Amino acid sequence: MFDKSSFNDHELSSASGALPVHETLALRAWAHPDKVLFTFLDDEGAKQESLTYLQMYDNARSIARQLESVSQPGDRVALFFPQGLDFIACFLACLMSGRIAVPINLPNRRRVERCVSILLDSGASLALVDATEHAQLERAFAGTEAAALPLLEIANLEAAAATASWEPRAEFDPQQIAFLQYTSGSTSAPKGVMVSHANITANLRMMRDAWELDARSDFVTWQPHHHDMGLILGQLLPIMLGNHTVVMAPSTFVRQPLIWLQAISRYKARLAGGPNFAYDLAAERYSAERLGDLDLSGWTHALNGADVVRAGSLKRFHDRYARHGFSMDAFMPCYGLAEATLFVSGGPYRLPVHSVTADQATLSSEQRVAPPRESGNAVTMIGCGEPSWEVEVAIVDPATRQRRAPGTVGEIWLRGASIARGYWRNDAASVAGFHATIAEDPRREYMRTGDLGFIGAEDRQLYVCGRLKDLIICEGRNIHPEDIEHSVIEALAETRPQSCAVFSHDDEQQRQIIVAVIELNRELKRLLTDNPRALKANIRAAVVDQHGIPVHRLMFAQPTSMHKTTSGKIQRRKMRELYLAAELDGIDEAI
Amino acid sequence: MISIDTLEAHISRFICNEMDLLPEDIDPDLNLGAFGLGSLASTRLIGSLEETFALRLSPTMVFEHPSISRLAEAIAQIAAEQHGGAAHV
C-alpha cells in the first residue's frame, strides 16, 4: 500500500486526513524529512530551538522505545512539561507505543491537589517529566497519594537512529484511546475525556477542511499543551497539514503580547488565535514605536475560541491593528470542547463575522431570537461559525428532550466521528453526557455539551448563549464554582459560614466580574465590623492562591437571602438573578 | 534611577484599575493575593512594568516578592543593575 517512490500532494492530503496522527508524522518524515515542523521561541521572542519532521519523528520513536521497556500497552503515562518541543515528542511516543497519554499542567505553587487527583483518577503508572521540573515535582508530590509515582526523565534523544522507514503497525486499532483530556470536572472529581486516535484524525481533518488549510498555512501558537486548543490545534494539526508552526509559552504571550504579533508578522503565519482576552491584551498593549514594521496582512485566520466572543474586543483590536494590514474578515470565532476532541464550528473562511441582535426579554423568557423592540434591551451575539459537515448539531430542549427549531435556544447536542468515547472510568457521567437521545429518535445517541445556543435561522451559524450548568469560563479556563466556594468557606473556617454562591456576570464595559455571596452568621458580622479589610483580603488571597483567578465582588448576605434546593445545594442561577436585580439582603461594600 | 515610590505608584495604579479598587484601599504591605490579583493579571503587571520602565523581569517575581512594597524594592534593585549596565556599553 505504501510501496511507492513518492507521494503527490493529493495523496499526502488524503493519507493525512485518514491516518492516525503519529503515522502521518512518519509519512511526512519520509516525504519531506528536512522541512521544519516546529520552532520554539524563548521569552524574548528569539528562536530557541527548531525540529524538522524527521527529527521530531526520531525523537518520538526513541522515547517510544524507552516507554516499551518500562510500561505496557494501555498504561496511562502522565506528561509534565513546560512549554517547549519535548512535550509533543513524548505525546506522540505514547500514541506510537499504544500507551495512553495524560497531559497535566505543572503543579506550580498551587494545583498540587488537582494534579494528584488526576493521577489517581487516570491510574497513571508512570510520568515522563522534564529534567528541569523533576525536583520540584518530587517535592510537590511528597506526602501525597502520588508520592510513589515513578518520574522518568527522557534521555538520549539525540542518540536516536536517523532513519525514517515506514512501519505501520498491522494490529493497530484507531478506536483505541490515544489520550485522556482532563479539562472537565471539578478538583475533587476530575473527569478524563477519552479521546481515540480516530477522534483526533477526524477532528484535525474537520479543522483543515472548514478553514481551507494546507502545508503553506503556517501557525503561531502560545496556548498551553495541556489544554485541548494548545494540543489539538497548536501541536497536532501542524502534523496533519505538514506546515511550519512557531510555538511560544503562554507566559511569554501574557507578559509581552506584542511578541506574539511580531512572530505572526516575522514568520508570515496565516493562523493564530486564542480566547477573547488575547485580543484585549494585544489591543491594550499596542505600541506604535515598537511595531513600526509589523505586517499582519498575511494573517487570514485569527481564531477566537474557548471563551465568550465579545464584539467590543474584536472592534478594539481591529481599530489598533488595521493600520498594520489586519483585516476584520480575518476574525474567525469558533466553538469547541474537549468532549468533541476540540473543534465543532468555525468559518467559513473569508466571510465576515456574523452577529445577531435580539430582544433581551424575549431571549430570556421565551428562549427565542426576536428583533429588538424599541422599548426593550437588545443583546448582540457573535456567531461561532458554521458547524463542520462532519458533526451533527442538534439544539434540544433539555427538559423535554425535543428538538428546537433554528432561532430557538436549547442545549447544544453533538454527534459525529470526533465525539470522544466518554469519561475515563466514570460510567455514570459517560452515560449522562455521551449517550443522550432525542425524544423523537431514541436510536441516535448524542453528546450533551451543557452549553446553550441556537442555530441562526438565516446564516446557519452556531450562536452560544451560556451554560446550562453553573460553570464559569474565566481567562479561557473552565472554573467550577463549587471549587471556588470550597476555598472561600475554607478561608473562613473559623466563622464557618453555612453556604457560599459563586457566579460571574459581565458589567457595562463587557468586563467579566466574579462574585462570591457568602452567608452571614454572627461571627462573620462581628469580624466585618472589626476588620472587614483583613477578612476580605484573606478570602481573595485564598482564591487566587488555589485557583489563580480573582474574586471581584464579595457580598455577605442574610441566611434568608441564600436560595437552596430542598437537598441544601446552593441555587447559583437564582442567586445571580437576585444579585443583578439588587434584591439580595446583606452587606455589600466596594472592596 | 527609578525610585521605589514611582514603582509602588505604578503597581498600585495597575491593581486599582484591574480590580476596580480605590487608591485608599491599597495597602502596599499587604500580600498581592489580598487584592484578588490573579495569575494572568500578575503576569500582565510584570509586562506593563517591563514596558513602562524598559526592564527585563521574570514573571515569577510576583510570587517571590508578594507585596507592593517588596516587589517595588526588588524591581528598583534590578533597574539599577540593568540600567547601570547599559550605561557602560
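The values are calculated or read from the model by the stated rules, or taken from the named source; none is laboratory data. All of these numbers come straight from a predicted model, not from anything done at the bench. When we count neighbours, we look across all protein chains shown, and the Cβ atoms used for this are built from the backbone with ideal geometry, even at glycine. To get the accessible areas, we keep the full protein, side chains included, count just its heavy atoms, and leave off ligands, DNA and RNA. Shrake-Rupley method; radii C 1.70, N 1.55, O 1.52, S 1.80 Å.
Values for this structure:
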{"item": "Residue mean of other protein chain beta carbons inside 10 Å, A:539-548", "result": "5"}
{"item": "Inter-chain shielding of A:244-256 (mean C-beta neighbours from other protein chains, 10 Å cut-off)", "result": "3"}
{"item": "Dipole moment magnitude, nearest 20 debye, chain A about Cα centre, only Lys, Arg, Asp, Glu C-beta charged", "result": "760 debye"}
{"item": "Solvent-accessible area buried by B and A, counting both chains, probe 1.4 angstrom, square angstrom", "result": "2300 Å²"}
{"item": "Candidates per GluC sites (Glu not before Pro) in the stretch A:446-516, loop by DSSP, up to 14 other Cβ within 10 Å", "result": "A:Glu458, A:Glu494, A:Glu508"}
{"item": "Protein-protein interface of the stretch A:467-482, residues with accessible area decrease of at least 20 Å², isolated chain reference, 1.4 Å probe", "result": "A:Glu475"}
{"item": "FRET efficiency, A:Lys525 to A:Val431 (Cβ-Cβ, R0 51 Å, nearest 0.05)", "result": "0.65"}
{"item": "Largest-first principal axis extents, alpha carbons of the stretch A:472-588, Å", "result": "37, 31, 29"}
{"item": "FRET efficiency for B:Glu51 and A:Asp545, using Cβ-Cβ distance with R0 set to 45 Å, rounded to 0.05", "result": "0.95"}
{"item": "Cβ-placed point charges (K, R +1; D, E -1), dipole of the stretch A:545-590 about Cα centre in debye, nearest 20", "result": "340 debye"}
{"item": "Kirkwood-based shape ratio for chain A, expressed as Rg/Rh from alpha carbons", "result": "0.96"}
{"item": "Alpha-carbon centroids, the stretch A:391-444 and the stretch A:225-242: separation in whole Å", "result": "26 Å"}
{"item": "Cβ-Cβ FRET estimate between A:Ser69 and A:Glu490, R0 fixed at 35 Å, reported to 0.05", "result": "0.20"}
{"item": "Proximal lysines to A:Lys191, defined as alpha-carbon separation beneath 27 angstrom and excluding residues fewer than eight positions away on the same chain", "result": "A:Lys469, A:Lys564, A:Lys569, A:Lys574"}
{"item": "For the protein assembly as shown: accessible area per residue (Å², 1.4 Å)", "result": "42 Å²"}
{"item": "Charge dipole (the protein assembly as shown, unit charges on Cβ, about Cα centre) - positive-most of A:Gly274, A:Val502, A:Val393", "result": "A:Val393"}
{"item": "Residue-averaged [θ]222 nm for chain A, counting only DSSP H segments that reach four residues, each worth -39500 (n - 2.57)", "result": "-9000 deg cm²/dmol"}
{"item": "Protein accessible area in chain A, 1.4 Å probe - carbon and sulfur %", "result": "49 percent"}
{"item": "Threshold 40 Å² - residues in the stretch B:35-49 whose accessible area is reduced by that much or more when the chain is no longer isolated, probe 1.4 Å", "result": "B:Gly36, B:Ser39, B:Leu40, B:Thr43, B:Arg44"}
